[in-house]
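For reference, the structure is listed below as structure tokens.
The values are calculated or read from the model by the stated rules, or taken from the named source; none is laboratory data. None of these values were measured; they are calculated from a predicted model. When we count neighbours, we look across all protein chains shown, and the Cβ atoms used for this are built from the backbone with ideal geometry, even at glycine.
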Amino acid sequence: MAGIVLFAPISSEMARRGFGRPVTIGGAAVEICSGGIVATGDFDIMVARDDGLKQIFVEAGFERPRGAGIATSGWVYRNLCLGFEIVETVLLDSAADRNCLRILSALGG
């Protein structure tokens, strides 16, 4: 659950700057909702303004993987060996009901 603790202030900063909060989708969402019973290796993120999220990632110390054979749009927080990838800018191709999303606190809730 270290990923959610790391990502919570980033989400809050997105809201503070007037961007929509990012939405955790995929395996990370399953890990969070299962209480860690199912584990994932990275966080897949949906965010409407990826330019804002990318800037906050840089400010928070995230890095883009580099080197031969690296072809990813992901970000890595090396201190925790966690990866975050912006995979969508529209939640479920606009088919999702945003009223059904759950906002969680990193403190539990």
Tell me, yes or no, whether region 43-54 has at least one residue that is small (Gly, Ala, Ser) and under 18 Å from residue 5 (Cβ atoms). no
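Could we say that residue 15 is surrounded by fewer than 16 Cβ atoms within 10 Å (Cβ to Cβ), farther than 16 Å from residue 82 by Cα and hydrophobic (A, V, I, L, M, F, W, C) here? Spell out how you get there, then give the answer.
Details: surrounded by fewer than 16 Cβ atoms within 10 Å (Cβ to Cβ): yes; farther than 16 Å from residue 82 by Cα: yes; hydrophobic (A, V, I, L, M, F, W, C): yes.
Against the criterion (surrounded by fewer than 16 Cβ atoms within 10 Å (Cβ to Cβ), farther than 16 Å from residue 82 by Cα and hydrophobic (A, V, I, L, M, F, W, C)), residue 15 qualifies.
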Where residues in region 36-88 are modelled with pLDDT under 80 and of a type in the set (D, E, K, R), which of them is nearest to residue 23 (Cα to Cα)? 88
